[in-house]
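Rule-based calculations on the coordinates, nothing more; no lab input. Quantities reported herein were computed from a predicted structural model and do not represent experimental measurements. Heads up, the Cβs are rebuilt from the backbone with ideal geometry, glycines too, and the neighbour counts pull from every protein chain shown.
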């Protein structure tokens, strides 16, 4: 099993550009989520999904879109990048909503100029 | 509001010493997790605590949970340099769609 994979590892964007961060898991997990990590603030939940076709907002959803067309994939879209979105982004998955030990991907370091 | 607070945020220790990291959370939770993060790396799950009085130990780390006080502790015994990392506690609220809410993290540095 590859576990949770994320691409790219690093990305630099200009303000106003859009892009998609990719996340995939091969563990047949129902629950997937996106977090951003900023210094001194822990990890904050952006969006999450409890299964294919179902998504919901987390603590800091503004400026981000998600979709879950398959169990394996959960891409995060930045619609119009802003410097405030400079962060490290982690994707995570767990077997079920209730069984919430989450496995984290390696992260994507995003810089918006 | 769902809040999770850790203290201290920074901890510098000498090898061989003991110390405790505290994690307070604001409302009743389903379960509490401790994670470790090395610099530039992802998060690694350390412990899952499910009920009041739960205690888990792995090597020099021991985690406990007091749900009545809404407090978890991560105790470090006879610290070694390899324990240097950032430690996060996180709490899940099932009625909130299974959201996992993190504390700010405690950056631990163990010096020889």
Cα centroids of the range B:69-86 and the range B:5-31: how far apart, whole angstrom? 7 Å
State the volume of the convex hull built on the alpha-carbon positions of the protein assembly as shown, expressed per residue in Å³ and rounded to an integer. 118 Å³
In chain A, what percentage of the DSSP-assigned beta bridges are antiparallel, given to the nearest 5? 90 percent
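If you take the C-alpha gyration tensor of the range B:21-72, multiply each eigenvalue by 5 and take the square root, what semi-axes do you get, largest first, in whole Å? Before the final figure, lay out the partial values.
Values: eigenvalues 86, 34, 17 Å².
Listed largest to smallest, the semi-axes of the range B:21-72 are 21, 13, 9 Å.
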The exposure ranking of A:34, B:34, fewest beta-carbon neighbours within 10 Å first, is B:34, A:34
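For chain A, what is the Kirkwood estimate of the hydrodynamic radius, computed as the reciprocal of the mean inverse distance between distinct Cα atoms, to one decimal in Å? Please report the intermediate quantities before stating the final value.
Numbers: mean 1/r = 0.0721 Å⁻¹.
After inverting the mean inverse Cα-Cα distance, the result is 13.9 Å.
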For chain B, report the convex hull volume of the alpha-carbon atoms normalised per residue, in Å³, without decimals. 93 Å³
How would you classify the range A:54-109 from its alpha-carbon gyration tensor, with a ≥ b ≥ c the square roots of the eigenvalues: rounded for a/c under 1.5, else prolate if a/b is greater than b/c, otherwise oblate? prolate
Averaged over peptide A:63-71, how many Cβ atoms belonging to another chain are found within 10 Å of each residue's Cβ? 0
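If you take every DSSP beta bridge whose two residues both sit in the protein assembly as shown, what share of them, in percent to the nearest 5, is antiparallel? If you can, show how the numbers build up before the last one.
Values: 72 of 81 bridges.
Close to 90 percent.
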